[in-house]
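> This is the structure I want to talk about, given as structure tokens.
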Amino acid sequence: MPLPVNLLANSTMPIALYNSKQLYAMEQAWFTDGHDSFGLMKQAAWQMAQYIAALYEQKSLNIHASDNIEFYRRPAYSHRVSIWVGKGNNGGDGWMIAYYLQQMGWQVEVIAVGFDSHEFEIANTTQYLNKESALSDAEKALQIALSANCSYQCFEDSNYNDNNNNNNNNNEKVNKQWQADVYIDALFGIGLDRAPTGIYKQAICAFNAAIQDDSALAIAVDIPSGLVASTGQVFDQIAVQADATLCLIARKFGLHTKDGMDYSGEVMDIPLIPYQMDSEAFKPVAKLMTTAHALNPRRQNSYKGSYGHVLIIGGNRIDGSQGMGGAAILSASSAMATGAGKITVTCHEAFHGALLTSLPDAMTMNLHDTDGVKNLIKEASVVAIGMGLGRDQKAKAVFITYIEAAIAEGKPIIIDADGLYHLAALHLDEHQLITQLKEHSAKHQVCFTPHSGEAAKLLNKKISEVEADRLAAIKQCAETYGGDWVLKGAGSLILEQGKAEHHVYVCGVGNAGMASAGMGDVLSGVIAGLLAQEDLNEAARSLHQAVLLHGLAGDCLVKQTGKLNSMTNNDRSLLVGQRGLQAQDMPAAIRHVMQLLTE
């Protein structure tokens, strides 16, 4: 069987994401069609063995290249691999990987977790072999590996103690017996939905300690053990820290949101079963997006009015506070960076001087000039409200007044920050504005941009409940309020209402440096700026496009050019790095990405 083409390449196409239930259904449909389950396990293990060898080869070449060595010299000893297996089918994959790697000349050691010693004692007896047809796939894999004399040891025999392991000399001695160049995690599969406990918790801690001690390559089979495949949740930070994950059959949703991004490393697909991502029988729960849509060049015969008028409503000053004028300024500067033709900011008069100093090409109006702001709403192409608006009763009244005006004028609306706070309160009060806004969203674009804390208020839930299932939370938000949604965070979720059904996307770009004050205000400005430009096609003005553009701009600032795919960033003046990245750095990077998307 040939090695898959472009083994280590990243796809620029949307990738279908599935939950555990769907993956089990795919497997069962394949078996129902007459295909052998053990045959599938062997095929998966053989392909993973090829990937493991290629990944280790790549790592070795990269290390030597960084040392300025012009050639790669293979080590005198055979490559060492430590394969950690549990008792389920994921462990069966591990036993088969051990068999194939040993056939390829690797020095193999299997660490068996949760096994009784007698399970190995009888594995090669006549009684065991005669029962082969009654064996599970995992047991068959165990038998094949042991018949080939693959070396193994029981984790329980190591006497590993995960308490104070950083300073435990005994554990340091124990870790030495696991020394390897590559560690393979085949402990748990996609069925785990709780925190690992007991010996399995200890094994995960030991695995992570061993790879740190050896600076070894850590590869997870299908999903890192401890990570919930359907939600991306890790309990109590107990999960394998993988450098790469070999994803079987189809991509798991949990690999790309919440904790999944911190534990999965580079994700590579081993499809195995030829189901299409658009199959009606197996419709994905979401699609991973890593590439933004191209932007069409502008017509020469145009003027500022050709590219829309963005109205930013925020930047209030509450009694006893200096207020949050910066939020409105950041939003306005980002809308301007996307190419909107005109920007007006209605904020407290105290911030007008700062606004004009920062953005002399923006227009201003007093936030509390109700008639003036209503007239601006009539003229605007899109209204963004909430950034630094304040949370007192006066701010709430302002919010209601201007949302009602935007609805009456049939305007696209973006609601962020303090606007979401007031929306949650109005929902609890059963205010008629909630119904009006939902009806408005059926005909006009309405975008809501909460983080998990704001989503929890909107749903009257605890933050932990939202974080436990972010996909369910964003769907409930859309059902309750209508409109399109971004649930911000690691692997931000985007839900867009279609004519017949909604579409969910996961943002596959962006970085941890963007976890800083004002980044949400920047995003609201990007959304508004794109929506205002009616010369762009629908995809280029979409909510998911705005989130991708925002993430790509952040990646430019930390020089994560791999995430930019075909876009190359050679402008070192943009380089900031993750620590210290500020929202005010973003407009320059947004302009840069906009230009790259237009080329």
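Computed from the coordinates by the stated procedures, all read-outs in this text should not be read as laboratory data. Quick caveat, the model's predicted, so the values are computed rather than measured. When we count neighbours, we look across all protein chains shown, and the Cβ atoms used for this are built from the backbone with ideal geometry, even at glycine.
> Can you give me the pair-distance distribution of segment 479-531, C-alpha pairs, 5 Å bins, whole percents?
4, 16, 24, 27, 18, 9, 3, 1
> A further question on this structure: As a test of the formula, what do you get for the chain when each DSSP H run with n ≥ 4 contributes -39,500 (n - 2.57) and the sum is divided by the residue count, at 222 nm and rounded to the nearest 500 deg cm²/dmol?
When only DSSP H runs of four or more count, the value is -12500 deg cm²/dmol.
> Quick check: convex hull over the Cα atoms of segment 366-476, volume per residue in Å³, rounded to an integer?
For segment 366-476, the hull spanned by Cα atoms encloses 98 Å³ per residue.
> Further, regarding this structure: For the pair Ala425 and Glu534, what calculated FRET efficiency results from E = 1/(1 + (r/R0)^6), where r is the Cβ-Cβ distance and R0 = 35 Å, to the nearest 0.05?
My answer for the efficiency is 0.55.
> Calculate the radius of gyration of the Cα atoms of segment 435-581 to one decimal place, then report Dmax, the largest Cα-Cα distance, as a whole number, both in Å.
Here Rg and the maximum Cα pair distance are 15.9, 49 Å.
> Can you count the Lys pairs in segment 214-342 with C-alpha separation below 27 Å, eight or more apart or on different chains?
Lysine pairs, 8 or more places apart or on different chains, close enough: 5.
> Once you wrap a convex hull around the alpha carbon atoms of segment 183-235, what is its projected area averaged over all directions, in nm²?
If you wrap the Cα atoms of segment 183-235 in a convex hull and average its projections, you get 3.5 nm².
> Would you mind counting up the charge near Gly489? Only other residues with Cβ under 9 Å from its Cβ, with Lys and Arg at +1 and Asp and Glu at -1.
Here the count lands on +2.
> Sticking with this one: For segment 370-389 and segment 284-356, compute the distance between their C-alpha centroids and round to whole Å.
So the two Cα centres are separated by 12 Å.
> Taking Rh as the Kirkwood radius computed over C-alpha pairs, what is the Stokes-Einstein D of the chain at 25 °C in a medium of viscosity 0.890 mPa s, expressed in µm² per second?
Approximately 93 µm²/s, per Stokes-Einstein.
> Among all stretches of the chain without exposed chymotrypsin sites (Phe, Trp or Tyr not before Pro) (DSSP loop, at most 13 other Cβ atoms within 10 Å), which one is longest?
No qualifying site falls inside 304-599, the longest such stretch.
> What are the semi-axes of the equivalent ellipsoid of segment 297-445, taken as the square roots of 5 times the eigenvalues of the Cα gyration tensor, listed largest first and rounded to whole Å?
24, 20, 12
> What net charge is computed for the residues neighbouring Asp185, neighbours being all others with C-beta under 13 Å from the C-beta of Asp185, Lys and Arg scored +1, Asp and Glu -1?
Result for the neighbourhood of Asp185: -3.
> Are there trypsin sites (Lys or Arg not before Pro) in segment 289-334 that DSSP marks as loop and that have at most 16 other Cβ atoms within 10 Å, and which are they?
Filter output for segment 289-334: Arg298, Arg299.
> Taking the 0 to 90 degree range and rounding to the nearest ten, how far is the long axis of helix 432-441 tilted relative to the main principal axis of the chain, both from C-alpha atoms?
Tilt relative to the chain: about 70 degrees.
> Taking Cα pairs under 8 Å and at least six residues apart, what relative contact order does segment 287-387 come out at, in percent?
Contact order relative to length: 33 percent.
> Mind checking Rg over Rh on segment 219-260, alpha carbons, Kirkwood formula for Rh?
Computed over Cα atoms, the ratio is 0.92.
> Using all Cα-Cα distances in segment 301-375, what percent lands in each 5 angstrom bin from 0 up to the longest?
Answer for segment 301-375: a P(r) of 3, 17, 29, 22, 17, 7, 3, 1, 0, 0 percent.
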